[in-house]
Amino acid sequence: MNRPDDKPVNALPQDIRAEDIQAVYGPPSMLNGIPDDPADRLGMMGIVLNDCVQSPYPAADPRLDDMGAWKCMCGNINSGNVCTECGSSKSWRCLCGADNFGGFCTECGSPRPWKCPKCGETRFASLCPQCGISIREVTK
């Protein structure tokens, strides 16, 4: 139990001065690279967070779209729907902006887009409004 006359466990001895700490660790602005002025800390917050957060997907190369190729997470460039190196399927981007691998978007739940074989347009609905062809006819 703590009594009023007990010293806290993490208390520094009284003979240690701020000058002694600065002599060992440097001035407060140099400790851990954190600036001493609170206004300077606000600008660093975004920098630190942006360095820590990285996308799990590789950046898309605009030249690959022209060739019909895509770059897999393993780094291999492919032309089909499946990676020839690791076997993962080609990702697709939903209208909400999320990258997905399955038949439905993991963020909003909308179905994977499909390309109409008659008109060549990419469709997000189960029926092509220009030709009237259904996605069920395409997947048979």
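Name the residue, out of K118, K140, that is at pLDDT below 80, assigned to a loop (DSSP other than H, G, I, E, B) and more than 18 Å from the chain's Cα centre (by Cα). Working first, answer last.
Working: K118 fails: at pLDDT below 80.
Exactly one residue qualifies, and that residue is K140.
Would you call S134 touching a Ser or Thr at 6+ places or on another chain (Cβ under 9 Å) and of a type in the set (S, T, Y)? Outline the logic, then answer.
Working: touching a Ser or Thr at 6+ places or on another chain (Cβ under 9 Å): yes; of a type in the set (S, T, Y): yes.
In short, yes.
Can we say T84 is at pLDDT 80 or above, polar (S, T, N, Q) and over 22 Å from the mean Cα position of the chain (by Cα)?
When the stated conditions are applied, T84 passes them.
Within the stretch 85-140, track down each residue that is surrounded by 12 or more Cβ atoms within 10 Å (Cβ to Cβ), among the aliphatic types (A, V, I, L, M) and farther than 19 Å from K71 by Cβ.
A125, L127, I133, I135, V138
Would you be able to tell me the number of residues in the stretch 75-84 that are more than 28 Å from C131 (Cβ to Cβ) and exposed (fewer than 13 other Cβ atoms within 10 Å of the Cβ)?
In the first step, residues of the stretch 75-84 are kept if they are more than 28 Å from C131 (Cβ to Cβ); the result is 75-78, 83-84.
Next cut, exposed (fewer than 13 other Cβ atoms within 10 Å of the Cβ) only: 75, 84.
Total satisfying the criteria: 2.
So, of the residues in the stretch 90-114 that are assigned to a strand (DSSP E or B) and modelled with pLDDT of 85 or more, which turns out to be farthest from S134 (Cα to Cα)?
Step one: filter the stretch 90-114 for residues assigned to a strand (DSSP E or B), giving 92-93, 99-100, 104, 111, 114.
Imposing the further condition that a residue be modelled with pLDDT of 85 or more reduces the set to 93, 99-100, 104, 111.
Values: R93: 21, D99: 24, N100: 22, F104: 17, P111: 14 Å.
By that ranking, first place goes to D99.
The values are calculated or read from the model by the stated rules, or taken from the named source; none is laboratory data. What you see is a predicted model; the values in this text were computed from it and never measured. Cβ: placed from backbone, ideal geometry, glycine included. Neighbour counts: every protein chain shown.
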